[in-house]
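A short write-up of the structure that comes next.
The values are calculated or read from the model by the stated rules, or taken from the named source; none is laboratory data. This is a predicted model, so every value here is computed, not measured. When we count neighbours, we look across all protein chains shown, and the Cβ atoms used for this are built from the backbone with ideal geometry, even at glycine. SASA here: full protein model, heavy atoms, side chains in, ligands and nucleic acids out. Shrake-Rupley method; radii C 1.70, N 1.55, O 1.52, S 1.80 Å.
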Amino acid sequence: MNTTSCRLLNIGKILGASPAQQQCRSTANGSSSLNLCTLSVSPSVSMFDQKVSIRIHGLPSHGMATLQAWMYQKWRGKDTLFVSYGRYYADPNGEIDLDRHPSLSGTYTGVDSMGLFWSMGSLPGHPKDIRVAIRKAQEPILINLAVFSGHITVDESSIAMKTITPLCTCTITRLFKAPDVKRIEIKEGNIRGALFLPPGNGPFLGVIDMYGGAGGLRDARAGLLATRGFAILALAYLKHQDLPEEITGIRLEYFQEAARWFSSHPAVIPDGIGVIGLSYGGMLSLCMACLCPQVKAVVNINGPPFAMHDLWHQGKLFMKQKYPDTIKSDEMGYVFIGPHEYTRENFIPVWKSETHILCLCGDDDGHSRSQWLLDLKDCYPEDKQHKINVVVYPGAGHLLEPPYTPHCLYCFSPALKQHGLWGGSPVPHATAQLDGWQRAVLFLKTILTQETKSSKVVMCSAGEKASM
């Protein structure tokens, strides 16, 4: 039977320990206990985009309890602590079920079994400009949970962790790639990236995955998509191995080569591929819709629709702006303001292609504007309006990641070489991430499956015609 190490720990020692020292013992179902109190998480090992159930048993009837979650993640080369918590009342049976019982206060409120995950942030008094930016799909995340008696305030918990002993603790594992998904490093011609293949013989629906202008190879989202049944090429295009170091060094021929290679791979259904891109990667996905006949479906996440090296790169595109009152007033950051005036000629002309487009955007994005994508939709003729869908999420920011990723309002941006204000508020941003992820997966499966069926019909018709 698969088990993880397990023991009850002093919360202060846990938080002061390095990540390697944070292992708690737990049974296979992810539970541990002290006296009558038990904390269970099901499943204890889950995919990052998978909902879990969290239950506490053995509390006094209507008793007060605080449930805290924390994890360490690398941010700018340092182990960084992310924490969340909720305060609850047990029911008459002394139980708290996060699927049924609300958090009365804390980093989130209301009934939400995943609230402790998406509401994670820094401890009070610590820098706020941190982000959960997972790069490698093969690196699991360990999340620790601890139950405390009573309703502990934020300040008290951050100070008293060294002395207050939890009633019970548990460690769970979140994965970005199922164990049976293969990851293959790719260095084919000029192409650099990683290929993810689901279990089975295939071929599979194929999707190219790209991130933003920070560069490097980020393949965690690719691992999640492969776990959902796609063959995925996580495509690097900047600041990785021998690829260009600056955006101005990018050539569109690179993406055409990637589309040709990937669509002809034996593990990929050859009738058409999809592309998903965030931010600058979203803009590049629109370019690929125009330039690559293999691309049949595009998910553009907050990517501006302006042609590369056109208005998006001209003039003073950034302005310094003070952050909101919730952030220290002496901190400054950059927000992308883009062109105020533009015409149809400034857009990437995706309406000329036959590619189906899904645009996901937040209306509180500090680096792109949802109105740009709505205006792009207006460029489509009436008979092609069905080929583009623009979904605008109120209160969501720029960094729309897979569901349950903690919201990041602002942080250092390697692309800007300054702090970037990403925008959004935690609750609507979390809602947008969950809905957007579900829409994207369904859209890619639906369109690419339709393309496959369409291709088979055409082939069958051509065969009948030839035999006449």
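When the Karplus curve 6.51 cos²θ - 1.76 cosθ + 1.60 is applied with θ = phi - 60°, which whole-Hz ³J(HN,Hα) does each residue of segment 49-57 get, with x for Gly and Pro?
Values, residue by residue: 8, 9, 6, 10, 10, 10, 9, 10, 10 Hz.
Taking the Cα-to-Cβ direction at THR446 and at GLU245 and moving 7 Å from each Cα, how far apart do the two end points lie in nm?
Reported label-point gap for THR446 and GLU245 is 4.5 nm.
At 0.36 nm per residue, minus the direct Cα-Cα distance, what do SER105 and LYS417 gain on full extension? Give it in nm, one decimal, please. Don't skip to the end; give the middle numbers.
Details: separation 312, 0.36 × 312 = 112.32 nm, distance 3.64 nm.
Value of the extension gain: 108.7 nm.
Quick one: which residues, 5 or more positions from HIS419 or on another chain, have an amide H under 5 Å from its amide H? H modelled 1.01 Å from N in the peptide plane, none for Pro or chain starts.
Residues meeting the criterion, in which the H sits 1.01 Å from N, are TYR334, SER413.
Between ASP435 and THR165, what FRET efficiency comes out of the Förster formula 1/(1 + (r/R0)^6) with R0 = 45 Å and r the beta carbon distance, rounded to 0.05? Could the numbers behind the result be given before it?
On the way: r = 40 Å, r/R0 = 0.88.
That gives a FRET efficiency of 0.70.
Hey, can you grab everything whose amide H is under 5 Å from the amide H of ASP99? Only 5+ residues off in sequence or another chain; H modelled, so Pro and N-termini drop out.
Sorted by chain and number, the residues that satisfy this are ILE54.
Using Cα-Cα distances under 8 Å and only pairs 6 or more residues apart, what relative contact order does segment 87-198 have, in percent? Provide the component values of the computation, followed by the final result.
Numbers: 117 pairs, mean separation 20.1, N = 112.
Relative contact order, segment 87-198: 18 percent.
Apply the Karplus curve 6.51 cos²θ - 1.76 cosθ + 1.60, θ = phi - 60°, to the phi angles in segment 274-283 and return the couplings in whole Hz, x for Gly and Pro.
x, 9, 10, x, 10, 6, 4, x, x, 4
If I compute solvent accessible area with a 1.4 Å probe over the protein chains, what percent of it on segment 223-301 is carbon and sulfur? Don't jump to the answer; show the numbers that get you there.
Details: 1280 of 2370 Å².
Ligands and nucleic acids excluded, carbon and sulfur give 54 percent.
Roughly speaking, what is the stretch gain from GLU95 to GLN371, that is 0.36 nm per residue apart minus the C-alpha to C-alpha distance, in nm to one decimal? The partial results should precede the final answer.
On the way: separation 276, 0.36 × 276 = 99.36 nm, distance 4.71 nm.
Taking 0.36 nm per residue and subtracting the Cα distance, the gain is 94.7 nm.
Taking only C-alpha pairs under 8 Å that are 6+ residues apart, what is the relative contact order of segment 38-89 in percent?
Working: 59 pairs, mean separation 15.2, N = 52.
The normalised contact order for segment 38-89 reaches 29 percent.
Net charge around TYR88, counting only other residues with Cβ within less than 15 Å of its Cβ (Lys, Arg = +1; Asp, Glu = -1)?
Values: positive: ARG55, ARG87, ARG100; negative: ASP91, GLU95, ASP97, ASP99, ASP112.
Summing Lys and Arg as +1 and Asp and Glu as -1 gives -2.
Could you tally the net charge around ASN190, taking each other residue with its Cβ under 14 Å from the Cβ of ASN190, Lys/Arg +1 and Asp/Glu -1? Can you show the working numbers first?
Numbers: positive: LYS187, ARG192, ARG251, ARG260; negative: GLU188, ASP242, GLU253, GLU257.
Net charge in that neighbourhood comes out at 0.
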